[in-house]
Amino acid sequence: MTRRAKIVCTLGPSTSSPERIRALVRAGMDVARLNFSHGEHAQHQRVYEHVRAAADAEGRAVGILADLQGPKIRLGRFAEGPQMWATGETVRITTEDVAGTHDRVSTTYQGLADDVRAGESLLVDDGNVALEVTEVEGRDVVCRVVEGGRVSDNKGISLPGTAVSVPAMSEKDEADLRFALGLRVDMIALSFVRSPADAELVHKIMDEYECRLPVIAKIEKPEAVDALEAIVLAFDAIMVARGDLGVELALEDVPLVQKRAVQIARENAKPVIVATQMLESMIHNFRPTRAEASDVANAVLDGADAVMLSGETSVGDYPIETVQTMSRIVEAVEVGPASVPAIQHVPRTQRGVVTTAARDIGERLNARALVAFTRSGDTVRRLARLHTRLPVLAFTPVPAIRSQLSLSWGIETFLVPWEETTDAMIARVDASILQIGRFAPGELVVIVAGSPPGQAGKTNLLRVHRLGEDTR
Ligand SMILES: Nc1ncnc2c1ncn2[C@@H]1O[C@H](COP(=O)(O)OP(=O)(O)OP(=O)(O)O)[C@@H](O)[C@H]1O
Ligand SMILES: CC(=O)C(=O)O
Ligand SMILES: [K+]
Ligand SMILES: [Mg+2]
């Protein structure tokens, strides 16, 4: 059996060439993440085109995710490259637009000097460097370095314990979103989501383009953890963004937040990505630590749809090997005896009931696959959350849905022409499955779909079907 949990790869300087991107696709990248916290639009556009070309050349569905920076407070640029801030030194972070030096560097957040007080702590680069505010002098925040380390352009600054007043989408985020919609990416991620209402800001801009793409809420603020279920309902998917989560919250809270977030997402049939530092040591090493291998395995066992690579593939020395390694770890867990937790509620929606029944029938009859014909992808997401051992084949006439389903656990998606009638649809699915070559005439599959095919949102057909059999 092939790998079921999906792999998201952040693209960056290590993986910008057409050859590297093609190799990533071959190694198993299911979703490419364009991180709008870094890089220029022109770079993202080139990478976008390389991903589409590589996916076509390899005949694989690869989704493209645009990750918006969101209201993250960042350092500006250093005129002379990365700097070492030694413990005990004094450094200044200013809201003036200056070329950064060792002693004084700008920040993207104009309100910083107003929001912080002496004695508060600032954490740079996911907590790798810790500062304590000693005083605020006009537009400069004067800090003592408490934990020294290396700092460089655009590194993030967290203010644990300070409720900052930044808006959910900056001007840059809006411009990046418009650019990403123009590129025709497949999904958008919004960073530092604090409230379910944050989704509306993204939707409003999408509506100008008449283009509603799935929006992923990145869970990385205490406010989001507190409103988890409402955020899952308001968004189309979530990402457990453990990098910022681990500095915004106590580090030791991250593992249980991860488990709770994964389960809530699954109960609501929304895809969930577990992200950050999964194989971190592979940025510079050929092999991961055993702890990292276990982390990937445990995210799969929690029931994540996808696991994500960040620096490992964007700036790492072994991007292709990292994807291969992650893929092997996932496969090893999936063939093993351990299983993910069951869905805890009994589904009551028509789609929920029909898809659960399809799973039960398919597993008990030892069918070869569950098959869905879908226009919105929702039926398929309800099958995905069940984590059945049976292959799940999704057929859709909508190319964008095929790309979106690249994020959902265990789903293989195929494009088929639109069919007007139920009979024609079943005949089409039948022929397509036989064409794949893995299944033989006479084998059993369970089909779910809406009938007649025109009505979106109506999953009402469940059919036990022998491949090759005339259905009329
Ligand atoms: N396109 C790029 N150009 C220059 N440096 C980059 C680029 N992409 C990533 N980097 C560097 O590599 C590091 C890891 O990249 P990645 O995109 O995985 O960031 P991240 O940690 O997920 O996100 P963020 O920096 O937004 O918190 C970044 O912090 C940055 O220093
Ligand atoms: C992915 C991300 O933004 C984080 O882990 O913080
Ligand atoms: K980002
Ligand atoms: Mg983050």
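The values are calculated or read from the model by the stated rules, or taken from the named source; none is laboratory data. Being a predicted model, the structure only gives us computed values, none of them experimental. Backbone-built Cβ (ideal geometry, glycine too); neighbour counts: all protein chains shown. Side chains are part of the model used for accessible areas, which takes the heavy atoms of the whole protein and leaves out ligands, DNA and RNA. Shrake-Rupley method; radii C 1.70, N 1.55, O 1.52, S 1.80 Å.
General observations
- Using C-alpha pairs below 8 Å separated by at least 6 residues, the relative contact order for the chain is 14 percent.
- Charge tally in the Cβ shell below 10 Å around Thr162, where Lys, Arg are +1 and Asp, Glu are -1, Thr162 excluded: -1
- Surface accessible to a 1.4 Å probe, Glu120 within the full protein complex, Å²: 50
- Calculated P(r) of the chain - Cα pairs past 30 Å, %: 47
- Cα-based Rg and Dmax for region 62-155, where Dmax is the largest Cα-Cα distance (Å): 13.6, 50
- Taking every protein chain into account, the accessible area of region 215-256 amounts to 35 square angstrom per residue (probe 1.4 Å).
- Note on exposure: Arg144, Arg52, Arg184, Arg385 ranked by accessible area (1.4 Å probe, complete protein assembly) read Arg184, Arg144, Arg52, Arg385, with the most exposed listed first.
- Per residue, the convex hull spanned by the Cα atoms of region 3-73 measures out at 89 cubic angstrom.
- Under 13 Å, Cβ to Cβ, from Pro397 - net charge with Lys/Arg +1 and Asp/Glu -1: +1
- Rotationally averaged projected area of region 288-414 (alpha carbon convex hull; nm²): 9.1
- Here the Kirkwood formula puts the hydrodynamic radius of region 225-278 at 11.2 Å, using every distinct Cα pair.
- In nm, spacing of pseudo-spin labels at Ala338 and Val98 (7 Å Cα→C-beta vector): 5.1
- Cα principal axis extents for region 293-365, largest first, Å: 48, 25, 18
- The slack in the chain from Arg117 to Phe179, taken as 0.36 nm per residue of separation less the alpha-carbon distance, amounts to 18.6 nm.
- Calculated FRET value between Val416 and Lys172, using beta carbons and R₀ = 51 Å, to 0.05: 0.80
- The share of accessible area on the chain that comes from carbon and sulfur is 50 percent, using a 1.4 angstrom probe.
- Surrounding net charge for Asn128, when Lys and Arg each add one and Asp and Glu each subtract one, Cβ distance under 13 Å: -3
- In terms of accessible area, using a 1.4 Å probe and ignoring ligands and nucleic acids, Thr108, Thr379 rank largest first as Thr108, Thr379.
- For region 392-433, relative contact order (Cα pairs under 8 Å, six or more residues apart, normalised by length) works out to 39 percent.
- At 0.692 mPa s and 37 °C, Stokes diffusion of region 354-451 via Kirkwood alpha-carbon radius, µm² per second: 247
- Within the full protein context, the accessible area of Lys204 is estimated at about 150 Å² for a probe radius of 1.4 Å.
- Heavy atoms of the protein chains alone define the surface here; on that basis region 89-145 has 45 Å² accessible area per residue at 1.4 Å probe size.
- Gyration tensor (alpha-carbon) shape descriptor, region 105-237, a/c threshold 1.5: prolate
- For the pair region 414-465 / region 246-289, the C-alpha centres are spaced 36 Å from each other.
- Gain in span if fully extended, Arg466 to Asn366, counting 0.36 nm per residue against the direct Cα distance: 34.8 nm
- Within the chain, helix-based [θ] at 222 nm, where runs of 4 or more DSSP H residues each add -39,500 (n - 2.57), nearest 500: -10500 deg cm²/dmol
- Size of charge dipole - region 309-461 - debye, nearest 20, with Cβ of Lys, Arg +1 and Asp, Glu -1, no other charges: 520
- In terms of distances greater than 23 angstrom between alpha carbons, the cross-link table entries Lys72/Lys270; Lys6/Lys270; Lys172/Lys218 yield Lys72/Lys270.
- Reachable aspartates and glutamates, given that their alpha-carbon falls under 18 Å from the alpha-carbon of Lys204 and they are not under 8 places away in the same chain: Asp67, Glu171, Asp173, Glu174, Asp176, Asp186, Asp236
- Cβ-Cβ FRET estimate between Thr349 and Glu210, R0 fixed at 35 Å, reported to 0.05: 0.80
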